[in-house]
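*Asks:* The structure is given below, and queries will be raised subsequently.
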Amino acid sequence: MRFFWRFLIVFMIALFLSYLATHAFRRVAIKANWVDRPSSKKIHNKPIPTMGGICIFLVYWLIYFLGIPSENQIADIGAMVASSTVIVLTGIIDDKVELKPWQKLAGILLGANIYYFFTDIRLDHFTIAFLGTIEFQEISYLIMMLWIVGITNAMNLMDGLDGLATGTGIISLVTMGLVSYFFTNSANNAMVVLVFLLAAVLLGFLPHNFYPAKIFLGDTGALFIGFMIATLSLNGLKQATFVSLIIPIAILGVPLTDTVAAIFRRLLKKKSVSKKDWGHLHHRLLRLGFTHRQAVLFIYAMGIIFSLIALLFPISSLLGTIILLLGLIFGVMLFIESFNLLDSEKTPLRRLLRRLKRNTKQTK
């Protein structure tokens, strides 16, 4: 209990320091001309200070090392700091000169490899009830790279509206922290501290980043948040089961669905997967008549729904887990279809609905 109250104090300090540091950093960014200028590919219409991720990164690790006792720190903290530093540097370069997709990917992979080779975290097997353990063996490395790159990029793609990636990150981190503390066998204070501390720093940053934004995360911040969520979720998968794999995927349901839909949408149109488009969920909400603020709040609400579903998995029976999983899959399909995220009329659900409509007319 003493640890709880001590961490609560550290949490509040992190929140307020992040708020004050972001205010100060915004002035530094303006003087240094670190601004995101308007263009035909962007929604904002005036220069906005950017690279707020630098402030998040510095405050996060500063509070962690000064406020968290060494006995409550994870053993692999050096590798986490080093790998996240590579990610932030990649984001800074991208914000300054706009890297090509393969160059940004190379930076993310470098950070992911530092994390892989200098920690003992491995996603090399998982267990399914009544079926036993499935070993990944040689492909475990590829699975971890795909996990880290996929979640990092998904969060980066969410950074299209003011406060969207920051708020989505907070929702995801709080849910991860609750699941880790209350439900998983591998729960430990060190990992929970890392998760909730990042949520506190993001909470302090959000008032400056929410619409109308006074400062942007930039790729610096979006990549850092995505990378930390990806690696922190792996810390909770040391004893991976099918359910423990599903939980972080469910928590990140909105950004992952939007990312996967974007990949398939571009493939269907025979375009490069890395080519940017205006087909993301937040773009479609704006075209439907949502205001900037309404679109962000709607996606927050969707994120909370996915998170609540994720919280149900650890307390469900085997049958309940199967029903939840089927419901989640159907919900994702309906989500994609409702906003036509694939830009296609030939998806299975749309075909089914058209067939049902024809049959209804014939019976009349």
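*Asks:* Would you calculate a helix-derived [θ] at 222 nm for the chain, using -39,500 (n - 2.57) for each DSSP H run of n ≥ 4 and dividing by the full residue count, to the nearest 500?
*Replies:* Helix-only estimate at 222 nm: -23500 deg cm²/dmol.
*Asks:* Here are some pairs, Lys42/Lys269; Lys100/Lys270; Lys104/Lys270; Lys96/Lys275; Lys214/Lys271; Lys100/Lys269; which of them have Cα atoms lying more than 28 Å apart in this structure?
*Replies:* Lys214/Lys271
*Asks:* Follow-up question, since we're still on this one. Beyond 32 Å, what share of the Cα-Cα pairs of the chain is found? Please give it as a whole percent.
*Replies:* The proportion of pairs with Cα distances above 32 Å equals 32 percent.
*Asks:* In debye, nearest 20: dipole of the chain around its Cα centre with unit charges on the Cβ of K, R (+) and D, E (-)?
*Replies:* The dipole of the chain has a size of about 1940 debye.
*Asks:* Would you mind calculating the gained length between Phe117 and Glu138 on full extension (0.36 nm times residue separation, minus the Cα-Cα distance), in nm to one decimal?
*Replies:* The span from Phe117 to Glu138 would gain 6.1 nm if fully extended.
*Asks:* Evaluate the relative contact order of the chain (contact order divided by residue number), counting alpha-carbon pairs under 8 angstrom at least 6 apart; express in whole percent.
*Replies:* It rounds to 21 percent for the chain.
*Asks:* Let me ask something else. Hey, in the GNM for the chain with a 10 angstrom Cα cutoff, which one of Ile13, Ile323, Ile309 fluctuates hardest?
*Replies:* Top of the fluctuation ranking is Ile323.
*Asks:* Roughly how many Å² is the accessible area per residue of the chain, as a whole number, for a 1.4 Å probe?
*Replies:* That works out to 50 Å² per residue.
*Asks:* Moving on. Evaluate the distance, in nm, between pseudo-label points positioned 7 Å from the Cα of Ala75 and of Phe4 along their respective Cα→Cβ axes.
*Replies:* Label-label distance for Ala75 and Phe4, simple model: 2.8 nm.
*Asks:* While we're on this one: How large is the dipole of the range 1-135 about the Cα centre if only Lys and Arg carry +1 and Asp and Glu carry -1, each at its Cβ, rounded to the nearest 20 debye?
*Replies:* In total the dipole reaches around 860 debye.
*Asks:* Under 8 Å for C-alpha pairs, at least 6 residues apart: give me the relative contact order for the range 67-222, rounded to a whole percent.
*Replies:* Reported as a whole number, the value is 26 percent.
*Asks:* Right, something else. Under 17 Å from the Cα of Lys31, which aspartates and glutamates turn up, not counting those fewer than eight places away in the same chain?
*Replies:* Those aspartates and glutamates meeting the cut-off are Asp95.
*Asks:* May I ask which residue of Ile134, Pro38, Trp5 lies farthest towards the positive end of the charge dipole of the chain, with charges of +1 (Lys, Arg) and -1 (Asp, Glu) on Cβ and the Cα centre as origin?
*Replies:* Most positive-ward Cα: Pro38.
*Asks:* What does the charge dipole of the range 252-292 about its Cα centre add up to, to the nearest 20 debye, if the Cβ of each Lys and Arg holds +1 and the Cβ of each Asp and Glu holds -1?
*Replies:* With only Lys, Arg, Asp and Glu charged at Cβ, the dipole is about 300 debye.
*Asks:* Can you find, among Ala250, Leu232, Val260, the residue sitting farthest towards the positive end of the charge dipole of the range 202-288, where Lys and Arg contribute +1 and Asp and Glu -1 at Cβ?
*Replies:* About the Cα centre, the residue reaching furthest to the positive side is Val260.
*Asks:* Further question: Quick one: with all protein chains in place, what share of the accessible area of the chain is carbon or sulfur, to the nearest percent (1.4 Å probe)?
*Replies:* The C+S portion of the solvent-accessible surface of the chain is 67 percent.
*Asks:* Of the candidates Gly177, Gly169, Gly279, which one comes out as most mobile in a Gaussian network treatment of the chain with C-alpha springs shorter than 10 Å?
*Replies:* Maximum among the listed residues: Gly279.
*Asks:* Still on this structure, I have one more. Springs between alpha-carbon pairs under 10 angstrom, Gaussian network model over the chain: which of Asp95, Asp76, Asp162 fluctuates most?
*Replies:* Taking springs between Cα atoms under 10 Å, the residue moving most is Asp76.
The values are calculated or read from the model by the stated rules, or taken from the named source; none is laboratory data. Small disclaimer: the values here were computed from a predicted structure and weren't measured. Cβ coordinates were reconstructed from backbone atoms using ideal geometry, including for glycine residues, and neighbour counts include every protein chain displayed. In case anyone asks, the SASA skips ligands and DNA or RNA and just uses the protein heavy atoms, side chains included. Shrake-Rupley method; radii C 1.70, N 1.55, O 1.52, S 1.80 Å.
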